[in-house]
Every structure is written in structure tokens, then in C-alpha cells.
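Read through the structure below, which is laid out as C-alpha cells, and then see the notes.
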Amino acid sequence: RPPDAEEEEAEVGWQEKLFSQFEVDLYQNESACQTPLDRQYHGEILKLEKAGGRKNYRIFTYTDHDRFTNLEEHCQKVTDSDHEVPSYLAERMANVRRRRQDHRPIEASSLKSKIVTWEPSEEFIKNNHVINTPVQTMYIMGDLGPYGKLGHREYEHVLCTIKVDGNGVITVKPDFTGTKGAYRIELDGEKREVWKYTIENASVQVQPEEEEREQRVFRDLYSRHKEYLSGLVGSEFEMTLPGTLRLFVNGEIVSAQGYEYDNLYVHFFLELPNQWSSPAFQQLSGVTQTCATKTVGWDNVAYFCYPFTLEMFFTQGDESEDSLPQWPVLYFEVLSLDFWQRYRVEGYGSLVLPASPGLHMLTIPTWRPVELGTVAELRRFFIGGSPELEDITYVRIPSTFKGERLSRFGFRTETTGSVTFRLYCLQQSKAFLETSALRQRMQSVLDRLGGFSQQSSVYNVLEAFQRARRRMQEARESLPQDLISTSASTV
């Protein structure tokens with residue numbers, strides 16, 4: 001290689017050590033070697049000097065055992081700030097991480113027999129609470145200093161980082177050049193030198209026989225994994241009966257906001273209309289924990305994050321041929337509890353469970369009954385307690401109401417805050433598998449409930465419109481014919 005050439009090409013193997021000028025100068029002196037690895041490098045450099053010196057000049061490598069690799073992984077920054085100070089957690093994570101740990105899989109029998117470890121050791125905590133995948137790392141470096149001044153640490157730049165984890169995943173950063181242009185490194189200084197380099201994959205192509213053998217191993221592995229998963233799930237999958245819809249709701253009471261008092265909790269229960277049922281083990285009510293509020297913007301918000309699960313069945317009956325099915329309703333009340341164990345009703349609300357599957361974020365406003373005069377408010381402030389609903393279903397239509405008209409005249413209420421729900425709804429029915437049923441109206445549960453994607457109020461309006469139309473037709477039929485003809489001519 002001529003001394004003034006500025007081009008260099010090197011073929012580097014996995015964990016192949018190419019010494020830099022700095023390492024050659026350092027390890028030539030035996031007194032500078034402190035560790036067994038340093039003494040090993042000292043012997044290799046002496047052999048290189050006897051063989052005529054190193055072939056590489058600007059390109060060199062740091063392998064997984066070098067001090068640079070450990071320091072580089074320990075000093076990785078979390079942000080792009082030049083003045084970043086590592087946090088306590090970042091330092092602890094860097095110290096705990098072990099790159100070549102013996103990874104022993106946990107047997108299924110031991111996992112089932114010992115679900116909870118009451119006295120975990122420090123090693124157990126490190127292995128189970130830290131991402132601890134064994135990783136081997138290699139850095140391909142470039143010495144970009146001026147010719148004749150090689151071996152200065154400030155001119156060393158990382159050209160490529162190669163990592164292989166315990167799962168066999170190879171990570172090359174930056175990627176192989178391919179059809180893209182060469183990578184650029186612009187140096188700081190007076191000359192503002194620009195270096196370009198390319199990275200190519202020089203590995204030997206695998207033989208067809210080895211590739212076929214690898215594919216067979218993969219197929220065998222996938223089939224065994226499939227058998228393992230089917231063994232976990234089981235062969236018996238419960239299906240619903242024809243004409244039956246199963247509804248799953250994985251819900252969460254996310255937050256409550258805008259209420260007068262602090263330390264809120266929510267009590268809720270589900271009302272099942274006719275033709276709906278639930279399993280015997282299913283709990284249809286619940287109460288959250290008491291949650292203190294925090295100020296967010298203009299509101300005081302209590303974050304509950306309280307999960308609940310509901311499962312119910314709809315069975316199609318003969319009496320439901322000419323009427324739309326009612327959907328389950330979730331009633332809830334928000335209460336507050338202070339230091340002196342005084343509780344107050346903060347609001348009532350209800351929501352109709354969504355009829356369409358998927359994720360639904362619902363914010364439901366609430367209200368509470370009030371009494372006229374200052375005595376009631378004084379009583380609420382000093383000794384707690386406030387007017388309550390004897391039947392919480394009065395929020396909508398009471399379950400005991402059988403009449404035609406429900407009057408709330410004279411019932412005084414006050415608007416309070418709101419409660420946010422997150423609902424994941426799943427539906428299971430054989431009707432979803434019937435393709436022919438999509439062309440037949442009112443023949444299956446899918447057709448009867450598929451149009452129920454709107455809120456129940458829409459259907460109440462439609463039913464009221466149909467009743468009004470029938471009454472109009474009956475009234476028109478009862479009128480004399482001459483009156484009808486006269487009014488028609490006048491119009």
C-alpha cells in the first residue's frame with residue numbers, strides 16, 4: 001500500500017481483531033499490560049511485527065472482549081443532549097446488564113409449582129426484571145486522523161456496529177450500503193475533511209443443500225410450536241347455540257373529573273333486560289377504590305384505572321319477532337369520602353353498552369338530586385350526606401315502572417362532573433358465520449342486532465314515529481269522508 005493513498009479496503013470476520021496504531025503502540029510495552037487480555041494482545045502484536053507489520057492502517061476493530069465495548073455500552077446516552085447527566089436508573093441498568101450470561105430456560109413444571117417467590121434473591125431479581133438477553137458486540141472503527149499522525153483517540157470514529165443476541169438475531173448498524181450512496185463522516189476542524197465509506201456483505205453464500213436442511217429444521221420447529229400452542233388452548237372450543245349472541249366486555253373506569261369534593265369512588269352495576277342472561281359466577285356489580293384527585297387544567301381528575309369484565313348472553317325468543325331487542329345498561333354513581341368518614345353522593349349516570357365490537361371511549365356526564373334552601377347544603381358540607389335515589393334505575397326508566405308516561409316534573413337536579421370509560425367489546429354468535437343470512441331480513445341474531453350500531457335512543461324515536469303514524473291512520477279512518485275531501489280540495 002503506498003503511504004500517500006487515502007483509500008483502504010478490509011475484509012473483517014466476526015470477532016476478528018484488527019489492531020489500531022494506538023493499540024500497537026500501547027501493547028508493545030509489556031509493562032502496560034495488566035490483564036490477561038492485554039498480555040495476549042502483546043504476544044499477537046509481537047508476532048505481527050515479526051511478520052512484517054499490520055496490513056490495515058485506518059480500519060481496525062474492537063471485539064466483544066475489549067474495554068472499549070464495555071465503556072461504549074455503559075456510556076450510551078438516552079437523549080441527544082450534549083450535557084446529559086445519566087439518571088440513577090440508567091446507571092443501575094447499565095451496571096446490572098450482563099452481556100454473556102448463561103441463559104437457562106425455565107421448565108413448565110417448576111413454573112407452575114412456584115408461581116410466587118416470597119424471598120427473591122438479588123440474582124433472581126436481576127434475571128427476571130431486567131432485559132437480560134445475552135449479546136455479543138463488535139465495532140468496526142476508522143482512524144480518520146491525518147497521515148503520519150495515526151493512533152490518536154480523538155480521530156477514532158465508529159463505522160459499523162454488529163450485534164448478535166442469544167436468539168440468533170444479527171443487527172448491523174448502519175445497514176449494508178447496497179444501492180444507496182456511501183456513508184459520510186465530516187470532521188470538525190479547519191480543513192473540514194469529508195470521508196466516505198461503504199459496507200458490503202462478503203459472507204459466502206449458503207449452499208442449496210444447507211438451505212434446504214435449514215428449511216426442514218424450521219418446518220419441524222414451527223410444527224412442534226404449533227402442537228404446543230394447540231395443547232395449551234385445547235381442542236374443545238365452546239360455541240354459542242343458534243339464535244344466541246354472547247357479549248364480552250372488558251371495561252375500565254378510567255377517570256372521574258369535575259366533581260366538588262375529593263377522594264372519589266364509583267359504585268356500578270349492570271341491568272340485564274329481558275332475554276338476556278349471565279353465567280352464575282358473573283358479578284354484575286362492583287365498586288372502585290377511593291382515589292384522590294389531581295389538578296389537570298381547570299378540573300380535578302381522579303384516575304381510577306379500575307378494570308372489570310362482563311359476560312352475558314342474548315337468546316332470541318318468539319315474542320321478540322316484532323320488537324327490537326333492548327341492550328344492557330350500566331348504571332353507576334360517584335361518591336366521595338372525606339377524612340371524617342363522611343360520604344356524599346356526587347353524581348348519577350348510565351350508559352348503554354356499545355352494540356358494535358371494538359374499542360369504545362365514552363365520557364358520561366352525571367347529575368345529582370338537590371334540595372332547595374341553604375340548610376340542605378349546610379348539612380351536606382358539615383355532616384355529609386345528601387339526597388339519594390332509592391332506585392338507581394331512575395337515572396333512565398325505572399325497572400319497576402310499567403306505565404305509559406313517566407313524569408319528572410318537580411324533580412330538581414344539578415349537573416356535576418363526568419366519568420370516562422374504556423370498553424373493549426367482543427361478540428360471538430353462529431349468525432356471524434352464516435353468509436346466506438346477510439340477505440334475509442329478521443332471520444338471525446346477526447340481522448336483528450346488526451342494525452343496532454346506533455344508540456338505543458334512535459330506536460326509541462323510530463318506535464315512537466311508528467306509533468304516531470298508526471294513530472294518525474286510525475284517526476283519519478274515523479273521520480267522515482266528506483270532511484276529508486273538503487280539506488283536500490281546500491289545500
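The values are calculated or read from the model by the stated rules, or taken from the named source; none is laboratory data. All values reported here derive from a predicted model rather than from experimental measurement. Here Cβ is always computed from backbone atoms with ideal geometry, including for glycine, and neighbour counts include all displayed protein chains. Surface areas here come from the heavy atoms of the whole protein model, side chains and all, with no ligands, DNA or RNA. Shrake-Rupley method; radii C 1.70, N 1.55, O 1.52, S 1.80 Å.
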Put Thr290, Thr244 in order of accessible area, largest first, probe 1.4 Å, and you get Thr290, Thr244
Let's test the formula: R0 of 30 Å, r as the Cβ-Cβ distance of Asn201 and Leu48. What FRET efficiency results, to the nearest 0.05?
0.65
Taking a probe of 1.4 angstrom, what is the accessible area of Arg224 in Å², to the nearest 10?
150
Which whole-number percentage describes the relative contact order of the range 168-268, with Cα contacts under 8 Å and a sequence gap of 6 or more?
14
Derived scalar couplings ³J(HN,Hα) [the range 295-307; Karplus, 6.51 cos²θ - 1.76 cosθ + 1.60; whole Hz; x for Gly, Pro]:
7, 10, x, 9, 10, 9, 10, 10, 9, 8, 6, 9, x
Which entries in Lys226/Lys430; Lys47/Lys180; Lys17/Lys226 show an alpha-carbon gap greater than 31 Å?
Lys47/Lys180; Lys17/Lys226
Using a 1.4 angstrom probe with every protein chain in place, what is the largest-first accessible-area order of Phe281, Phe313?
Phe281, Phe313
For a quick check: with amide H placed at 1.01 Å from N, whose amide H comes under 5 Å from Glu260's, ignoring anything fewer than 5 positions away on the same chain?
none
With every protein chain left in place and a probe of 1.4 Å, what is the accessible surface of Asp82, to the nearest 10 Å²?
130
Simple spin-label estimate for Thr415/Val352, 7 Å along Cα→Cβ, in nm, reads 2.2
For Asp299, the residues 5 or more places away or on another chain with a placed amide H closer than 5 Å to its own amide H are none
